[in-house]
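> Please see the structure below; I have some questions.
The values are calculated or read from the model by the stated rules, or taken from the named source; none is laboratory data. Source: prediction; values computed, not measured. Note that we place each Cβ from the backbone using ideal geometry, even for glycine, and neighbour counts take in every protein chain shown.
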Amino acid sequence: MRTLFLIFFLFIPLLSFAQARIELAFHYYGKNIYVQNPVAASGAGFCTDSVTVNGKRYPQEKLNSSAFEIQLDTMGFQPQDSLAVYIYHKPGCKPKILNTDPLPLSRVIFISVKISDDGVLRWSTVNDPAGIRPDFYVQQFRWGTWRKLGEVNQKSGRENSYEFPVKFHSGQNKFRVAYSRGRPYGQFIYSPADSITSTVAPVTMTYDSLAKKIRFSTVTDYELTSPEEKHGTVILLRGSGDYADLREIKKGGYFIRFDNEIRKIKIGKR
């Protein structure tokens with residue numbers, strides 16, 4: 001009987017530690033958040049216990065007043081950055097947000113984006129509606145532009161985590177996630193980018209003018225574009241392998257993209 005009493009005694013205080021919170025998910029456009037902070041129901045101190053911005057605790061000393069400002073403009077955010085602000089408060093009272101209208105609300109907010117050493121891009125979000133089609137597009141910055149690697153459907157639920165395997169090239173690799181659902185065609189919300197420097201050896205190339213082939217030191221993705229299309233979208237030849245066959249390409253100057261390089265190449269007569 002004594003054992004049962006002790007278990008019950010320990011369980012009750014644990015329940016009292018649960019905190020209510022106000023959740024704000026939006027994109028930053030230079031607006032700070034103003035909060036009216038009533039006195040706690042107990043009469044001791046103010047209602048707000050703590051504030052986090054994208055998981056980072058906001059300075060406690062800025063919350064101890066009847067009204068306070070969450071100064072997002074001092075935290076290094078850029079326009080369109082995804083923000084999730086949580087205001088934790090005591091029971092029996094509730095802080096009031098004084099300027100919700102100026103906050104551009106979003107249907108999904110990126111909380112974190114991280115690329116791992118083993119080649120997995122992981123990100124977490126809030127405000128996810130159930131996905132009925134691919135809504136996340138994984139992108140890599142390569143050859144001077146952001147390029148789509150793949151698609152991921154949204155999950156249902158308030159907060160979710162995702163992952164997508166990626167392949168590194170040599171040098172710095174940069175990744176981000178684009179979100180499209182509910183946006184006008186061609187418009188996206190972008191996550192912050194994350195970068196990693198890989199240990200992959202650089203790829204070298206040689207041009208075999210007799211065989212009309214570009215030979216690479218190892219298997220790599222490659223693209224051939226015209227001289228006017230160094231960072232353009234007109235691709236004359238695309239593939240993956242340890243060589244590129246140029247026998248059907250007319251003579252002239254071109255750009256060859258491979259690994260993380262862009263090189264000029266001149267192709268002679270057949």
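> Tell me, yes or no, whether the stretch 77-96 has at least one residue that is surrounded by fewer than 16 Cβ atoms within 10 Å (Cβ to Cβ), aliphatic (A, V, I, L, M) and at pLDDT 80 or above.
The answer is no, given that none of the residues of the stretch 77-96 is surrounded by fewer than 16 Cβ atoms within 10 Å (Cβ to Cβ), aliphatic (A, V, I, L, M) and at pLDDT 80 or above.
> Within the stretch 226-253, can you find the residues that are part of a strand (DSSP E or B) and modelled with pLDDT of 90 or more?
Across the stretch 226-253, the qualifying residues are Leu237, Arg238, Gly239, Ser240, Gly241, Asp242, Tyr243, Ala244, Asp245.
> Just give me the residues in the stretch 36-60 being out of contact with any Pro (no Cβ under 8 Å at 6 or more places or on another chain), more than 10 Å from Tyr88 (Cβ to Cβ) and surrounded by 17 or more Cβ atoms within 10 Å (Cβ to Cβ), in sequence order.
Once the filter is applied, which keeps residues that are out of contact with any Pro (no Cβ under 8 Å at 6 or more places or on another chain), more than 10 Å from Tyr88 (Cβ to Cβ) and surrounded by 17 or more Cβ atoms within 10 Å (Cβ to Cβ), the stretch 36-60 yields Ala40, Val53, Asn54, Tyr58.
> For the structure I just gave you, tell me whether Ser191 is surrounded by 14 or more Cβ atoms within 10 Å (Cβ to Cβ), polar (S, T, N, Q), within 26 Å of Ile111 (Cα to Cα) and modelled with pLDDT of 90 or more.
no
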